[in-house]
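Here, each number is a calculation from the coordinates, and none is a lab measurement. Remember, predicted model here, so these are calculated numbers, not experimental data. Note that we place each Cβ from the backbone using ideal geometry, even for glycine, and neighbour counts take in every protein chain shown.
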Ligand code: ATP
Ligand code: LTN
């Protein structure tokens with residue numbers, strides 16, 4: 001038995017490729033945290049269904065997302081890396097949690113309010129409304145202690161903590177109350193063409209999005225076309241110089257050099273030098289990852305074997321927890337036929 005703290009995190013398979021923000025804001029940190037934690041990483045395909053997806057694409061996007069986790073250094077032997085829908089206990093526990101979640105409480109979730117406002121509240125689904133209780137199920141099934149997420153998910157982890165406490169006091173000690181570990185704000189990456197908007201997998205235009213699976217020449221071209229400003233100074237100033245600041249953040253993440261050291265090294269140099277340096281650093285890291293991901297995708301049977309084994313490992317933890325929950329709330333156990 002491992003005594004390292006249990007960690008759980010996930011990402012939606014909402015595109016073919018992950019973007020540089022997913023890498024810097026999530027994968028890079030997951031890779032470091034898997035060393036000292038008993039980590040579980042999930043491709044949350046059920047969550048992706050909360051907004052319309054193309055059924056012809058979703059399964060492939062799920063495979064591709066898993067391949068990119070591995071290519072970026074998530075170790076499916078040490079950590080558990082699995083697909084959410086392969087472990088039915090997630091939907092089953094989510095239902096139970098729905099029954100102890102207040103309608104008003106769920107209505108206060110800002111991600112729901114934002115996403116519903118974007119699609120028009122009437123066309124938002126009940127699934128989108130219940131997104132946070134499915135996320136709570138993901139976390140609580142595994143006795144998770146540590147939940148690394150971006151700032152935007154903090155409210156969902158707070159809800160998860162409230163639900164765990166509520167369940168425990170109504171039905172007896174069952175769940176571990178988890179802690180959010182908020183990823184560094186300095187790891188937030190912005191769109192290269194619109195450097196005040198967060199870079200996102202589902203951006204309307206992909207001109208300012210750097211994909212892990214882009215060909216190196218495309219990546220370099222996008223970075224060299226990044227929007228900057230009319231000034232000439234290479235200095236971090238998020239308000240006055242969002243484009244240059246974004247490039248410095250990216251370079252800092254890929255080289256492990258603090259931003260002030262980078263600023264110093266660019267004294268007397270121009271934006272062209274900065275962009276070339278960033279493009280080289282990103283390509284040097286992403287090219288081998290892209291190659292590895294494509295290799296994994298060329299052998300779907302091997303990838304499926306990995307995902308199948310890992311789903312079994314997840315199931316072995318989740319199923320007994322679900323059974324305890326069913327007992328605690330008073331569901332009749334299914335008689336086993338002999
Ligand atoms: P979507 O557009 O489908 O919402 P997304 O690219 O915004 O996708 P998510 O799937 O919501 O990404 O998030 C996955 C992880 O990547 C989260 O941990 C999130 O904090 C991180 N992440 C996403 N975009 C960025 C970004 N621009 N900068 C830093 N981290 C990011
Ligand atoms: N909602 C998260 C993805 C997610 C998650 C989780 C993160 C689903 N289930 C459990 C941590 C723990 C997101 O959009 N980044």
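Taking label points 7 Å from Cα along the Cα-to-Cβ direction, residue 143 and residue 218 give a separation of 4.5 nm.
Nearest 5 is fine: what % of DSSP beta bridges in the chain come out antiparallel, could you say? Present the calculation step by step, with values, prior to reporting the outcome.
Working: 3 of 18 bridges.
Roughly 15 percent of the DSSP beta bridges within the chain come out antiparallel.
Answer rounded, prolate or oblate for segment 206-337, using the Cα gyration tensor with square roots of eigenvalues a ≥ b ≥ c: rounded when a/c is under 1.5, else prolate when a/b is larger than b/c, else oblate.
Values: a/c = 3.87, a/b = 2.28, b/c = 1.69.
In terms of gyration-tensor shape, prolate.
Taking each DSSP H run with n ≥ 4 as -39500 (n - 2.57) and averaging over every residue of the chain yields -16000 deg cm²/dmol at 222 nm. Between helix 271-298 and the chain, what is the angle of the helix's C-alpha long axis to the longest principal axis, kept within 0 to 90° and rounded to the nearest 10? With both axes taken from Cα atoms, the answer is about 40 degrees. Spatially, segment 55-128 and segment 144-210 are offset by 12 Å when compared through their Cα centroids. Please state the shape class of segment 265-338: rounded when a/c is under 1.5, otherwise prolate if a/b exceeds b/c and oblate if not, all from the C-alpha gyration tensor. Oblate. Each part gets one Cα centre, and for segment 309-337 versus segment 8-52 those centres are 25 Å apart. Relative intensity of segment 9-81 on a log10 scale, I(q)/I(0) at q = 0.26 Å⁻¹, equals -1.21, per a Debye sum over C-alpha point scatterers of equal strength in the absence of solvent.
Using C-alpha pairs under 8 Å with a sequence gap of at least 6, the mean separation divided by the residue count of segment 155-248 gives a relative contact order of 19 percent. Normalising by residue count, the chain has a Cα convex hull of 158 Å³ per residue.
Against the chain, whose longest principal axis is taken from its Cα atoms, helix 242-255 shows a tilt of about 70°.
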